[in-house]
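Participant: This structure is in structure tokens; I'll ask about it shortly.
The values are calculated or read from the model by the stated rules, or taken from the named source; none is laboratory data. This is a predicted model, so every value here is computed, not measured. No Cβ is skipped: glycine too gets one built from the backbone with ideal geometry, and neighbour counts run over all protein chains shown.
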Amino acid sequence: MGLPMECNRVCVVEKIERNSVFDDCEREVQKYKWIESEKAGCDQGEEAIRRWVKYHWSGFLRAKWLEHLQGRRFWVELDRGDFGLLLKEFTGNALLLDRILDRIKVGQENLQILCWALEWGIPTEPVLDILQALDINSRRLAHKFDCI
């Protein structure tokens, strides 16, 4: 008799390398700060960090979230239950899921995706099912400089 499905999934997650969104972000921010400082000829410091957060944090986080959903990398700050979600869900709607993910990758939000579906005559029920399962709006993390 095998282990329950939930236990199998947890055991697999336990063996996967754990990554930190914030640690990875810090490396990216430091690279950006260095490049911006080199361009300016002086240390850009916190101002460069704030610019990175303003222009890149959202897309950076979204990319990590998609890696997590696809089961490619496990990010400890993201919902454990979401890891590999796309591998087991939506197998009957793989093409629609791909088209929705393409839009999410470029920063589109739920309303934009629904408008796209309506414009192209795509039934909204499966689109809504996918968007509800992905639940973009509850997956946002704030960067420490977001609120300042």
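Participant: What single numbered condition from (1) part of a loop (DSSP other than H, G, I, E, B); (2) more than 24 Å from residue 128 (Cα to Cα) fails to hold for residue 107?
Facilitator: (2)
Participant: Can you list residue pairs whose Cβ atoms sit under 7 Å apart, with the first residue in region 73-88 being of a type in the set (D, E, K, R) and the second being modelled with pLDDT of 90 or more? Count only pairs 6 or more apart in sequence or on different chains.
Facilitator: 73/19; 73/67; 77/20; 77/21; 77/22; 82/68; 82/69
Participant: Just to be sure before I move on: is residue 38 modelled with pLDDT of 95 or more, over 22 Å from residue 85 (Cβ atoms), acidic (Asp, Glu) and surrounded by 13 or more Cβ atoms within 10 Å (Cβ to Cβ) in the structure I sent?
Facilitator: It is false that residue 38 is modelled with pLDDT of 95 or more, over 22 Å from residue 85 (Cβ atoms), acidic (Asp, Glu) and surrounded by 13 or more Cβ atoms within 10 Å (Cβ to Cβ).
Participant: Ok, one more. Closer than 29 Å to residue 122 by Cβ, buried (at least 16 other Cβ atoms within 10 Å of the Cβ) and hydrophobic (A, V, I, L, M, F, W, C) - does that describe any residue in region 45-58?
Facilitator: Keep residues of region 45-58 that are closer than 29 Å to residue 122 by Cβ, which gives 58.
Now narrow it down to the ones that are buried (at least 16 other Cβ atoms within 10 Å of the Cβ): none.
No - not one qualifying residue is present in region 45-58.
Participant: Confirm whether residue 134 is out of contact with any helix residue (DSSP H, G or I) (no Cβ under 6 Å at 6 or more places or on another chain) and more than 29 Å from residue 28 (Cβ to Cβ).
Facilitator: no
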